[in-house]
Amino acid sequence: MKGTITKCLSAWVTKKYGADLWREVLRDGNAGDQALLVTMAVSDIDDALALRLFVAAGRVLNLSDEAVADGFGEYWTCTYAPTLYRSTMRRFTNARELLLGLDHVHVEVTAMMTNARPPRFDYRWEGESVLIVTYKSARNLLPLYMGLVRGVGKHFNEPLDVRRVGDDLVRIEFLQAPRT
């Protein structure tokens, strides 16, 4: 996994809960000598370590897995990505555009990154307001994706109903007409 994920996790925990709790997450997640590496955006982070840090964040912060995913997802889409990926984020004017463009963004952003293996997405509409997304990744981080989707809704101030409807399927209902 790319270090940009764990760097964002570090920033979210530190900003919202404090540096002491982030250090506790690192200890609980058994980061050891990789503690600095996990805050370097372009580094390659072992998937197991990254997952341990997300789980440790839940334990240390006394949050459910869903609350960690939602907190991370909101921080990523409302704070981290608009700063780090400013030109990419500016392409999108609403939640639909960003979510439908995410597969292409992953291909584009990671084309020059060695070892990048971002999730991929297939999309299918059920009516005008319900999007079924097939999440394709060996990492099985569907709950994290769902938190990111909820964060996209918050970023654009658009209410979304996000539900898991299968092992690799997410149902996203757009509860208002798209803004342009």
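FYI, it's all coordinate maths here, none of it is from the lab. As the structure is a computational prediction, the values presented were derived from the model and not from experiment. Because the Cβ atoms are built from the backbone with ideal geometry, glycine has one as well, and the counts that use them run over all protein chains shown.
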What the Cα atoms of segment 101-180 span along the principal axes, largest first and in whole Å, is 39, 30, 20
Check each of the GluC sites (Glu not before Pro) in segment 124-180 and keep only those in coil by DSSP with at most 12 other C-beta atoms within 10 angstrom; list them in order.
128
Divide by every residue of the chain the summed helix terms, -39500 (n - 2.57) for each DSSP H run of at least 4, and state the resulting mean residue ellipticity at 222 nm, rounded to the nearest 500 deg cm²/dmol.
-15000 deg cm²/dmol
For segment 1-86, evaluate the Debye formula with one uniform point scatterer on each Cα (no solvent term) and list log10 I(q)/I(0) at q = 0.15, 0.25 Å⁻¹, rounded to two decimals.
-0.47, -1.35
Compute the angle between helix 47-61 and the longest alpha-carbon principal axis of the chain, please, reported from 0 to 90 degrees and rounded to the nearest 10.
90
Using unit Cβ charges (K, R positive; D, E negative) and no other charged atoms, how large, in debye to the nearest 20, is the dipole of the chain about its Cα centre?
380
Expressed to one decimal in nm², the mean projection of the alpha carbon convex hull of segment 140-180 is 2.9
Which one of 30, 40, 53 is farthest out on the positive end of the charge dipole of segment 1-83, using unit charges on Cβ (Lys, Arg +1; Asp, Glu -1) and the Cα centre as origin?
40
In Hz, Karplus ³J(HN,Hα) per residue of segment 13-25 (6.51, -1.76, 1.60; θ = phi - 60°; x = Gly, Pro)
4, 4, 5, 7, 10, x, 5, 4, 5, 5, 4, 5, 4
Dimensions of segment 1-48 along principal axes (Cα, Å, largest first)?
25, 18, 15
Whole-Hz ³J(HN,Hα) from phi, Karplus 6.51 cos²θ - 1.76 cosθ + 1.60, for segment 115-131, glycine and proline x:
6, 6, 9, x, x, 10, 9, 10, 10, 9, 8, 10, x, 7, 10, 10, 10
So how far, in whole Å, is the C-alpha centre of segment 125-180 from the one of segment 39-56?
24
Percent of C-alpha pairs per 10 Å bin, segment 58-129, short to long
16, 39, 34, 11, 0
